[in-house]
Amino acid sequence: MFLEPKFSRAHRKGWIEVICGSMFSGKTEELIRRLNRARIAHLNVEIFKPSVDVRYHESEIVSHNSNAISSTPVQSSLNILLMHKGGEVVGIDEAQFFDDEIVYVCETLASRGVRVVVAGLDMDYLGKPFGPMPALMAVAEYVTKVNAVCVVCGDLATHSFRKADNNDRVMLGEKDTYEARCRSCFNEGMLKNQD
């Protein structure tokens, strides 16, 4: 659906930035950095995350390096539009856990002149596109793919390898459950899991 922005002389230009990559690649760290810089610039920042993500904290977004920033947990992506109080910058973490309406939400905010910064996994534990992330990357003005380091060989890692024996698509976890791997080491691990 095309959203026609309403322009005025004082209209701010909005856009969508997507930060994506595998587990342990620094997505949340980069999101927090960008949002903190927006606050330094005295911009009004609002931050949201899916309520299902309670790994570190119920309401804060926390990186693997223990950097944190306050956020509002929401059940549904449409709640972001309902709770938006006019912030000039909206940050959204773990976008892969949201429903497909997150794309509409981000486009609506951007059309209102909001800078939308979204972080999420681009692929699931099977190496398949994860939830609404491909659609978000397609409509974003800026896409930053960050890489981790493969724990097996030391090359750039682009995949999240699940060590736990669980076939649920969504499984919250940490280093005990996932590890970052390059394409080759990920494929080798997947083959071993099939044996």
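The values are calculated or read from the model by the stated rules, or taken from the named source; none is laboratory data. Since we're looking at a predicted model, the values are computed, not measured. So basically every Cβ, Gly included, is an ideal-geometry build from the backbone, and we count neighbours across all protein chains shown.
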Note on region 1-21: residues outside any strand (DSSP E or B) and modelled with pLDDT of 95 or more are Gly14
Tell me, please, whether a residue that is without any contact (Cβ under 8 Å) to a residue 60 or more places away in the chain and out of contact with any strand residue (DSSP E or B) (no Cβ under 6 Å at 6 or more places or on another chain) can be found in region 85-95. yes
Please verify whether Asn193 is modelled with pLDDT under 95 and part of a helix (DSSP H, G or I), treating the condition exactly as stated. yes
